[in-house]
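The values are calculated or read from the model by the stated rules, or taken from the named source; none is laboratory data. In this text, all values refer to a predicted model and were calculated from it rather than measured experimentally. Cβ: placed from backbone, ideal geometry, glycine included. Neighbour counts: every protein chain shown.
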Ligand code: HEM
Ligand code: SF4
């Protein structure tokens, strides 16, 4: 994984020292809240409804066991023994005390971590596929390019004062697990007709109050032209992007207003003016970065493990878990293990310190010391020998981490909502828990099949509800929470924005409505048809009729 | 300038040290419990509450003070706004993690 160089180390330590001084001055009254607020936000510290919240960055969602143990230590020492993994592949602590925060940051710096919120209207942390470097369907590991873009953008004065924040996601596989169509810029490593690897470039996607899908501006871009081409996009955006209205300043609005064709034309025009070789990093720099993401040293193994096959036929629960939670690895004899943080009725994404330590131990012993955090609020052991799977599963089971529900109805994404978040208009976690309990029976879940339910507690859409097969948005009307349901959203390679099906539901009836929608699908599906496929074939009407007839 | 109010009001804020939700009580302390909150029933007394809260901002004990409308019931003041009721109750999930409902956490003001 990426290791800090001397510059990074010094920088992070200096920021901790600075913040310690700022907290001291805040507590002593030398700084007012107005002066202190932007400083604490820059360090990932928010004031939520009931307490402070510290958001710790996990670049590319990659952690080693030492880092995970440190996160567990912080949860015990400075919080209430747990942490919350988020759709941004971060971890949030919900109860830190202000005077403790500099100490927490010092502990994080010990393991090359920080909470520096790359906030403001700049290019934010680049995100990547959580199975990067391991996935069987991957053309190339996208993370070196993510890191390259991070370095390029952080050093680029021209892009520090954009009209609005800017997010880039990159995937190396045909299956899109990084939701690239929902980012300002989305990149997919793909092969051209003659087998050469390059990027498909999308621009203009986003969630929030005006959800939009990115459009493809280039089908195929040679890899070494990446930064020059991005620079062309950024220039067109910088020139036209609306600074007069915060809600209209995102690139998605520009792409939408100009039209995809005109936007693309302008980008290509600008691109011709750019001196590409000047923008290119020296070849040895990419090699240096790639070294950080070098694959672990795998053992030479046969792809089939007779031991695994035997355990699967002996233990049906284990076989179910393998079926849902384990996916193909590039390397013969290895597998990717997805650890569900979605126990039936639990809080999506929460993990106790004990669970964090258990995962750290497993990573150290069985997964080349690597852990990933997914944007679906789960964890991953990316490099596990197939013959170790049974043992790993047994250990996970003893820690309440063996739910075999990845991608099923109870694998729900939920933002913190009105249980924690000061911007929320309604609660989201209790709704997810209620739905999870209702649909929790594992044979029922398996019968329903692939289903993504996503819940946000306000229009900011942190819970990605626009991309949910079933999306739920919590709002408030006349002092009551109510929930708007959207259907047919998707964040994958067939991305689509969910459509509102009709009037919202109360907190008491929203779970019934979701269940009715699911049952309607089960009644109408054809052989092997997933919920999303069925919705795309049938349209909203049968679902509307079912839901509004019974409510 | 008198504060325009539509009904009884209490004053709430977050404690600087840990962000905890607190209410200004009649004895001049900030308490985690709403039970002892000083209720303003006139515009003048609402303004007075705000003025008192401002002094605690000056002394860096609390941040973001504001008035909230309450209904006075037999069992005490209850916020009108749903958001405020939730804010007082603390997370409805993980009761064990929830330190908010413990009304004994007063601190001197
Ligand atoms: C609790 C504190 C939080 C606050 C105050 C907060 C605030 C916001 C705001 C204001 C936006 C909209 C920004 C914009 O559209 O320009 C936003 C977007 C977003 N938030 Fe949060 N958020 C919080 C927690 C979370 C959590 C826990 C997650 C992950 C589960 C998350 C994930 C996201 C994502 C992915 C977006 C981007 C949506 C887009 O593409 O426009 N946020 N957040
Ligand atoms: S969607 Fe709204 S309620 Fe949920 S975390 Fe984001 S800002 Fe808070």
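Considering only the range A:251-267, how many residues are in contact with a strand residue (DSSP E or B) (Cβ under 8 Å, 6 or more places away or on another chain) and closer than 15 Å to residue A:229 by Cβ?
4
If you go through the range A:18-59, how many residues are in contact with a strand residue (DSSP E or B) (Cβ under 8 Å, 6 or more places away or on another chain) and more than 15 Å from ligand 1 (Cβ to nearest atom)?
Count: 1.
Residue A:350 passes all but one of (1) away from ligand 2 (no atom under 16 Å from the Cβ); (2) buried (at least 20 other Cβ atoms within 10 Å of the Cβ); which number fails?
Of the numbered conditions (1) away from ligand 2 (no atom under 16 Å from the Cβ); (2) buried (at least 20 other Cβ atoms within 10 Å of the Cβ), the odd one out for residue A:350 is (1).
So residue A:114 fits all but one of (1) more than 16 Å from ligand 1 (Cβ to nearest atom); (2) touching a strand residue (DSSP E or B) at 6+ places or on another chain (Cβ under 9 Å); (3) closer than 24 Å to residue B:62 by Cβ; what number is the exception?
Just one mismatch for residue A:114, condition (3).
Of all residues being away from ligand 2 (no atom under 16 Å from the Cβ) and within 14 Å of another protein chain (Cβ to nearest Cβ) in the range A:436-461, which is nearest to residue A:349 (Cα to Cα)? Just the residue, please.
Result: A:436.
Is one or more of the residues making up the range A:478-485 within 16 Å of ligand 1 (Cβ to nearest atom) and farther than 16 Å from residue A:86 by Cα? Quick ask: steps written out before the conclusion?
Initial filter on the range A:478-485 (within 16 Å of ligand 1 (Cβ to nearest atom)): none.
For the range A:478-485, residues within 16 Å of ligand 1 (Cβ to nearest atom) and farther than 16 Å from residue A:86 by Cα: absent.
Is there a residue in the range A:355-376 that is within 16 Å of ligand 2 (Cβ to nearest atom), within 14 Å of chain B (Cβ to nearest Cβ) and in contact with a helix residue (DSSP H, G or I) (Cβ under 9 Å, 6 or more places away or on another chain)?
Within the range A:355-376 (the criterion being within 16 Å of ligand 2 (Cβ to nearest atom), within 14 Å of chain B (Cβ to nearest Cβ) and in contact with a helix residue (DSSP H, G or I) (Cβ under 9 Å, 6 or more places away or on another chain)), the answer is no, since none of the residues qualifies.
Yes/no matrix, rows are residues, columns are (1) within 14 Å of chain A (Cβ to nearest Cβ); (2) modelled with pLDDT of 90 or more; (3) in contact with a strand residue (DSSP E or B) (Cβ under 9 Å, 6 or more places away or on another chain):
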site: B:2; (1), (2), (3): no, no, no
site: B:5; (1), (2), (3): no, no, yes
site: B:8; (1), (2), (3): no, yes, yes
site: B:15; (1), (2), (3): yes, yes, yes
site: B:32; (1), (2), (3): yes, yes, yes
site: B:38; (1), (2), (3): no, yes, yes
site: B:42; (1), (2), (3): no, yes, no
site: B:46; (1), (2), (3): no, yes, yes
site: B:51; (1), (2), (3): no, yes, no
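So which residues in the range B:53-67 are outside any loop (DSSP other than H, G, I, E, B) and within 14 Å of another protein chain (Cβ to nearest Cβ), if there are any at all? Full working, then the answer.
Within the range B:53-67, the subset outside any loop (DSSP other than H, G, I, E, B) is B:53-58, B:62-67.
Across the range B:53-67, the qualifying residues are B:53, B:54, B:55, B:56, B:57, B:58, B:62, B:63, B:64, B:65, B:66.
Against the definition (away from chain B (no Cβ under 14 Å), crowded, with 24+ Cβ neighbours inside 10 Å and closer than 25 Å to residue A:95 by Cβ), how does residue A:474 come out, yes or no?
no
Conditions tested, residue by residue: (1) within 14 Å of another protein chain (Cβ to nearest Cβ); (2) more than 10 Å from ligand 2 (Cβ to nearest atom); (3) farther than 26 Å from residue A:532 by Cβ.
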{"site": "A:393", "(1), (2), (3)": "no, yes, yes"}
{"site": "A:403", "(1), (2), (3)": "no, yes, no"}
{"site": "A:412", "(1), (2), (3)": "yes, yes, no"}
{"site": "A:417", "(1), (2), (3)": "yes, no, no"}
{"site": "A:424", "(1), (2), (3)": "yes, no, yes"}
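When you go through A:210, A:171, A:190 one by one, which is the residue that is surrounded by fewer than 20 Cβ atoms within 10 Å (Cβ to Cβ) and over 23 Å from residue A:415 (Cα atoms)?
Working: A:210 fails: over 23 Å from residue A:415 (Cα atoms); A:171 fails: surrounded by fewer than 20 Cβ atoms within 10 Å (Cβ to Cβ).
Just a single option satisfies the conditions, and that option is A:190.
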